[in-house]
Every structure is written in C-alpha cells, then in structure tokens.
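K.L.:
Sharing a structure below in structure tokens format, with a few things to ask.
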Amino acid sequence: MPKVYLCALMFLTACLAAAQTTAPKTRIIGQIASLDSAKMQFVVKTDDGTAVTVELGPATRLLRVAPGEKDLTKAAPIQFSDLGIGDRVAVRGVSPATAVMVMTRADLAKKQDLDRAQWQRRGMAGLVTAVNRDAKEIGISTRVAEGRKTVVIDASGQVNVRRYAPDSIRFQDARPSKLEEIQIGDQVRVLGDKNEDGTRLKAEELVFGTFVALAGTISSVDAAASEITIKDLDTKKPVVVRVNADTSLKKLPLPLATMLAMRLRGEQAGMAPGGQANRPAGAAPAGAGAPGMPGGRPRGNMDFSDLLERMPAFNIAELKPGDALILSSTRGADPSRVTAITVVSGVEPILTAAPERQIGGMWNFDVPMPSM
C-alpha cells in the first residue's frame, strides 16, 4: 500500500543523510533488478527508471531496516547473500558504495498487506460535497449498503494529505498537498477512525484527486502502444486515452447495457400478451433491481462502481473503430491526452439513450484504492 513506499522513501532518504561520509555524495534509491555475487555488485532500477550498477567494497555497510522504523537503532547488519531481487534500497556512493540500506521485498509485502487491511477496515472513499476550511472539515458522499451517505471528515491535527499527480493514479506519484487544495467535486480516500454511527471520521491519511468522466466513439486503437483515440461525445474533439497496468477494463453485456439505457430514459419494458415484459434475452425484468440500480426507478446519477466490479474484463486489442466507450481519468495538463483509470465498453445503448447529456454528470467512479 502507499504508506509503505512513502515511509520507505522518506526513511531511506533520512538513512542516507545519517550515513554520510567523506565519499562522493552519490545517492540512489530504487529496487534491486539483478545481482552478481562474483563481482559483488547489483543493478538498481531507480524510481525514474534508470538502471545503475552498484559495486560493494570491503568497507561497505549493508543494513536491513524494517518498514515503519523511524531510525537505525534496530537496523541489522546483513551480507551480500541476504540481498534479493525486488528489495528496496538506498545507496550512498557506487564505486564502491559506502552504505546500503535495505528494505526486503518480503518485509515490504508483509507491511503492504497490513496497510491494505487497514485501508479496507478503516478507510472510506467518496465525492467531496462541502469544504469548511476554518474548521478543517470536508463533507463527502460515500457508498454504504443502504445507498449513499454524507460523512464529515475531520482533517484537523496531523494528517498526511496527498494529491494524485496529473495523468497518474499511482500513490507513489502523488504529491504532498494541503487541505486547502481540496475542492467540491474532488474525490477522496481517507484513513482514520469513525464515530459510532459512521457520520464522522477523524482523518490520519487522505489522498484526493480531480477525476473526469468521458464518453465517445473509437477512432483508432494502437494496442502495441496501449493507446485508444476517441471522439469525445461532449467536445466532439479527439482524445488519446492511455491504458496501463493500473487501468480497469470492463465490458457491459448487451442485456445489461440495454436495461440501463431504458432506466436512464425512465422507460419500462413494454408488456407482451399474458402480462410478461418484452425485454432482451437475459435482461432482468422491468422494475427489478440491478447492482447500483434500485428496482424500477431511473437514476440520473448512476452509482457505477459496484456494478463494474462484477463485469467481465477485456483487452484493448478486442476494440475496433466505431465502438463506444465510457471512461474515467485523472485531469491532466493536456485535455487531449488522458490516462484512464476505468474504461467501459459495450455502452452503445446507453449513449444512444442520452446523447445530449454530459457523461460526467451521469456516472460516479470512486477514487481508486491507493496503489503503487
């Protein structure tokens, strides 16, 4: 989870400062990509993607530190044989290194599991509906079993506030921010303690971002480059959509898309002789509830996240020009290029049902769980 790597980065940077010597001030932070025990060296892939070869000498200090530790008092000396591919390291000097601080891949994974459990148990996500800067509180609309609920987030005190970077949903790319930067309409995920009835939460960590929803038809697909070009339904302009490993690709089955389209129009299926509803094969009866769509009532603001979790995935190589898509993305500096968080195909009936409506006002996409 994000807290692991954020703390790791801050701690390893502090360790480098504490380990300073008269050696050249080369600092490297990243993950071990390969090891060569014969030459006593390893390759580090830095956080910016650069590969750096690090050589160890007789005087090199190798220390294993646990994620979450605040200093080196509990650091344990280790040997080269204890290093592993995927370990996160902070290195001072390279030829040879004077000090290497190591957080092992196993330790990071264990801490990540603990943090993930924390976010699932004590976390909450929602859309910002109110901001009280004087009281350091924000109001959010969040999903609960009964529907949507308003919760007040108390962000006073020591709160780690971060903002997703433009064109990225990776927490490691999120930037330190302030409560004052949060605006109505932003989406947040917050970690903290809730009161008894769940109407207030005392925040410890908060990550937020400005997300947009787009819809359009595909002009071209470049599967090799993981890019899709669409004609935006609202602006009528081309938008290049980048897809990466973090993007959720979901496809709506035709019967479900048809049912959602009818609900969007506020229509009920016609009745056939004998009182049976005329509907596409496989579609739910008119008036029946669908995930996120309470029975029979059209909803202008569809709660889409629960629905998508149950839908099948697809590969962008399956797409072709003319297909319709709905997608969510971060708001980047260039509106003609976006990085997709979620891409939904099979939505032709829905867009046909409401071609005049701005898609951003029709769908709720929750902010993603902080991820690496």
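The values are calculated or read from the model by the stated rules, or taken from the named source; none is laboratory data. All of these numbers come straight from a predicted model, not from anything done at the bench. Neighbour counts run over all protein chains shown; Cβ positions are idealised from the backbone, glycine included.
K.L.:
Inspect all residues belonging to the range 191-199 and state whether any of them is in contact (Cβ under 8 Å) with a residue 24 or more places away in the chain, closer than 14 Å to Ala340 by Cα and either assigned to a strand (DSSP E or B) or not small (Gly, Ala, Ser) (or both).
P.N.:
Within the range 191-199, none of the residues are in contact (Cβ under 8 Å) with a residue 24 or more places away in the chain, closer than 14 Å to Ala340 by Cα and either assigned to a strand (DSSP E or B) or not small (Gly, Ala, Ser) (or both).
K.L.:
Take the residues in the range 94-110 that are in contact with a strand residue (DSSP E or B) (Cβ under 9 Å, 6 or more places away or on another chain) and among the charged types (D, E, K, R); name whichever of them is surrounded by the fewest Cβ atoms within 10 Å (Cβ to Cβ).
P.N.:
My answer is Arg105.
K.L.:
Here is a list: Pro176, Pro166. Which entry is within 19 Å of the chain's Cα centre (by Cα) and free of Cβ contacts under 8 Å to residues at least 60 places away in the same chain?
P.N.:
Pro176
K.L.:
Please find, among Val151, Val221, Val240, Val161, the residue that is buried (at least 19 other Cβ atoms within 10 Å of the Cβ), under 21 Å from the mean Cα position of the chain (by Cα) and modelled with pLDDT of 90 or more.
P.N.:
Within the list Val151, Val221, Val240, Val161, the selection yields Val161.
K.L.:
Right, here's the next one. Kindly establish whether Ser156 is under 27 Å from Ser248 (Cα atoms), without any contact (Cβ under 8 Å) to a residue 40 or more places away in the chain and outside any helix (DSSP H, G or I).
P.N.:
No.
K.L.:
Identify the residue in the range 128-146 that is modelled with pLDDT under 90 and in contact with a strand residue (DSSP E or B) (Cβ under 8 Å, 6 or more places away or on another chain) and, among all such residues, is nearest to Arg331 (Cα to Cα).
P.N.:
Thr142
K.L.:
Same structure again: Pairs please, first residue from the range 200-213 and β-branched (Val, Ile, Thr), second anywhere and outside any strand (DSSP E or B) and modelled with pLDDT of 95 or more, Cβ atoms under 6 Å, 6+ apart in sequence or on different chains.
P.N.:
No pair meets every condition.
K.L.:
Further question: Here is a check on your reading of the model: is Gly68 assigned to a strand (DSSP E or B), farther than 15 Å from Ser95 by Cα, within 34 Å of the chain's Cα centre (by Cα) and at pLDDT below 95?
P.N.:
no
K.L.:
Still on this structure, please answer the following. Being more than 22 Å from the chain's Cα centre (by Cα) and either surrounded by 14 or more Cβ atoms within 10 Å (Cβ to Cβ) or over 16 Å from Asp186 (Cβ atoms) (or both) is the filter here; which residues of the range 133-148 pass it?
P.N.:
Answer for the range 133-148, where residues must be more than 22 Å from the chain's Cα centre (by Cα) and either surrounded by 14 or more Cβ atoms within 10 Å (Cβ to Cβ) or over 16 Å from Asp186 (Cβ atoms) (or both): Asp134, Ala135, Lys136, Glu137, Ala145, Glu146, Gly147.
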